[in-house]
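So the structure is just underneath, and the comments pick up after that.
The values are calculated or read from the model by the stated rules, or taken from the named source; none is laboratory data. Note that this is a predicted model, so its numbers are computed, not measured. A quick note on method: Cβ atoms are made from the backbone with ideal geometry, for glycine too, and the neighbour counts reach across all protein chains shown. These area figures cover heavy atoms from the full protein model, side chains too; ligands, DNA and RNA do not enter into them. Shrake-Rupley method; radii C 1.70, N 1.55, O 1.52, S 1.80 Å.
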Amino acid sequence: MAALAAAALPALAQPASAANTVPTLVRDVRTGVDKLGTRNPQPADIQEYVQPDTQIEPSIAVNPANPRNVVAVYQEGRIADGGDATNGYATTFDAGKTWRYGELPNLTTFPHQGGMFERASDAVVAFGPHNTVYANSLVFDFNTGGGLRSGIAVNVSKDGGRHWSKPVILQDDKLGGLNDKNWIVVDNGSGAGHHKGRVYVVWDRVAPVVYDYCDHDCDKRANWLPNFQTLSPVVFPGQGIGAYPLVLKSGGLGIVLDTTSPGAPTQPAGGDEPEVPSGTSHVFISAPNAGSTPYPLPLTFQPPIEITENHSNGVRAQRAADGLPAAAVDLKSGALYAVFDDGRFRTDKANDAVISTSSDNGTTWSTPKKVNPGGKADGIDHYNVTVAVGTSGRVHVAYRQRNESRNSPLFSPTIDTYDQESRNGGKTFSAPLKVDVKPSNAWYDAFSRDGSFEGDYNETASAGGYTYITRAQGMPLHRREPPALIKNPDGSDTVLLTNSGKGHQHQRNWVALIRDLTAGHGPCVASNSPRTTIRHIRIRANEVAFRGTARDLGCKRGIKRVEVALARKVKGHRCRFADRSGNLGPRAACSHRRFIRAKGTSPWRLTLVTDLPDGHYELWARAVTRSGFREGPAGRNRRAFVVR
């Protein structure tokens, strides 16, 4: 067990009237650290190496009775050829200011875990009534017994995520590891048709897609369906993956998934344009009477309804969602939302965040439409799309974003996370809000299937005016740390983890909190909000002058000062920095910039009385906001020039 405290921020303001509020990033924090280490002696095959300090593929749930109580679960110690050392959790009771974290008990045989399966994977979480939390995991053997054994496990916490039971193994068979891609949901409704507290677990066995359920005391195996230890009840007999269950307004159970067997065609609202087959389809399947079906009778599912075909372009140099859907329900209106990454609006190899909606319990679905802004050939990829609907009916769609326009397969290492909010049922969305105070760096990620791996899914959860977005992020521990992942020399859009990259992977779970607050009145956490631009460089005899502008785009509290660094480049990647008198100092590392305060903020200017010697020079400018945030280096605030 460990605890992690976030940086101190002002107390959370209460939301104003809806018309006067905007989505505001309150905080973005790292929830914990993977301290498991690796398995020694290390295997000769790097595909079986337990990658230390890696947390992957997080899920998150918020307590419906207390929106400041949140639990995230994730993989820890990724193994490239499948699964992880075990699954972990992180819990907060103060809306993410502080976190306690550790490992879900007794899942695997990794040292000090006390379980009976070699590996775990696919951690997902859901809250039920009375502060009860359910953490659902895939568990399996990879080498023992030929890797035939696999199962579905649930750990239960009855105190909001402080303590956890030993796992209940719902499914345990030796059929070749067919169990996969599990998800969990709890019925928190109390109206007609609901069974409050009923827990549903859905997963696929390649074919079919199956389920189990429990009504109470779900930390005991006897309270789950008793007759299906070998083959669970069937949701869908065909091949499916990524089953995402929802409890509907009526109390029924709905499931969105991707399948090679398309469902009955739906007449999309707003058009009937035929689609080019892509091989798989997103479908919706429901058991309308699930909540009123008495335990332990099986649920009755209707035939699948096609939402749309899967047109994802995949995600290059990463293992990611590749179009797997996520879904949410508005429990007041009954509206359903399905989101996924999709390339139908693109002419390049990237994807958009796309949404389809239903207002008739999934009978028909709207024509998919793009959520994010941007062009159709800009190389900006949007993927691992998630959706949540808050108590007020506001729809939050979050997604990862990476520039893949050049330098394949390493691309830009930066991966950001954005959120967009809709207050009219998905018809229109707010401008993208970047929720990461530090971007992810894919070169330090976990590794799986020839790509960096932050997860096939992320998750967004919303209740009581609090919206939480979780994702895994890689980053170096220090500025000069070498990348863990390198370009594959075979020329493909893939990357490699080699022995030299071991120990340089650092991927942690992060959670961002968003609230609708009056513009400019929320706590400011936008560490990269300042934007400085160098507009003019003038060189004369005995004088150099620089001018530019600066803006605070994040917190809108203004620029406190602008600082400028001027350096003459010398041999060996060294620089001589100018002081306020214009004199060039001793040689130093160019990264150790020595800044001089400019006059003004927007516009700003700096004049030095000096006669610069001939040579190559670089100029940097940065702004510091009144909230105390300092701008990082970027192309707009750096200029190179030559004096002859």
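Observations on the model:
- Cβ crowding within 10 Å averaged over residues, with 113-119, 374-380 ranked highest first: 113-119, 374-380
- Counting only protein heavy atoms and a probe of 1.4 Å, the accessible surface of the chain is 52% carbon and sulfur.
- Antiparallel DSSP beta bridges within the chain, percent to nearest 5: 95
- 10 Å-binned pair-distance histogram of segment 367-500 (Cα, whole percent): 11, 38, 31, 16, 4, 0
- Binning the C-alpha pair distances of segment 80-229 at 10 Å intervals from 0 yields a P(r) profile of 11, 41, 35, 12, 2 %, listed from the shortest bin outward.
- Within the shell defined by Cβ-Cβ distances under 13 Å, the residues around ASN403 carry a net charge of 0, with Lys and Arg each +1 and Asp and Glu each -1.
- Theoretical gain in end-to-end length, THR109 to LEU553 [0.36 nm per residue, Cα-Cα removed]: 154.9 nm
- The radius of gyration of the Cα set in segment 169-261, together with its Dmax, comes out at 13.4, 42 angstrom.
- More than 19 angstrom apart: percent of Cα pairs within segment 116-186: 34
- GLU543 accessible area, 1.4 Å probe, all protein chains in place, Å² to nearest 10: 50
- Counting Lys and Arg as +1 and Asp and Glu as -1 over every other residue whose Cβ lies under 13 Å from the Cβ of PHE127, the net charge comes to 0.
- Calculated FRET efficiency, HIS536 to GLN239, Cβ-Cβ distance, R0 = 56 Å: about 0.35 to the nearest 0.05.
- Taking a Cβ cut-off of under 9 Å around ARG605, the surrounding Lys, Arg, Asp and Glu residues balance to a net charge of +2, with basic ones at +1 and acidic ones at -1.
- Taking a point 7 Å out from the Cα of ARG574 in the direction of its Cβ, the residues of segment 583-604 whose backbone N falls within less than 14 Å of it are 585-592.
- Rg/Rg_globular for segment 411-471, with Rg_globular taken as 2.2 N^0.38 Å and Rg from C-alpha atoms: 1.37
- Over segment 64-143, the ratio between the Cα radius of gyration and 2.2 N^0.38 Å evaluates to 1.18.
- Averaged over its residues, segment 14-89 has an accessible area of 32 Å² per residue, based on protein heavy atoms and a 1.4 Å probe.
- One chain, two ends: ASN424 and LYS376. Fully extended at 0.36 nm per residue, the span grows by 14.7 nm beyond their Cα-Cα distance.
- With the simple model of a label 7 Å out from the Cα in the direction of the Cβ, VAL609 to ALA519 spans 4.5 nm.
- Projected onto their three principal axes, the Cα atoms of segment 303-455 cover extents of 45, 34, 28 Å, largest first.
- Relative to the current alpha-carbon distance between ASP360 and ASN407, full extension at 0.36 nm per residue lengthens the span by 12.3 nm.
- Rounded FRET efficiency, nearest 0.05, which uses the C-beta distance separating TYR295 from VAL206 and R0 of 35 Å: 0.80
- Straight-distance candidates among the aspartates and glutamates for linking to LYS569, with alpha-carbon spacing under 20 Å and chain neighbours fewer than 8 residues away dropped: GLU543, ASP579, ASP611, ASP614, GLU618.
- For the chain, taking Cα atoms only, Rg and Dmax work out to 26.1, 90 Å respectively.
- Listed residue pairs exceeding 28 Å between alpha carbons, taken from LYS158/LYS249; LYS370/LYS560; LYS181/LYS370: LYS370/LYS560
- As a calculated quantity, the FRET efficiency between ASP81 and ARG479 at R0 = 35 Å, using C-beta atoms, amounts to about 0.65.
- What separates the Cα centres of segment 541-583 and segment 382-397 is a distance of 42 Å.
- Ordering of 445-454, 418-427, 42-51 by packing [mean C-beta count within 10 Å, highest first]: 445-454, 418-427, 42-51
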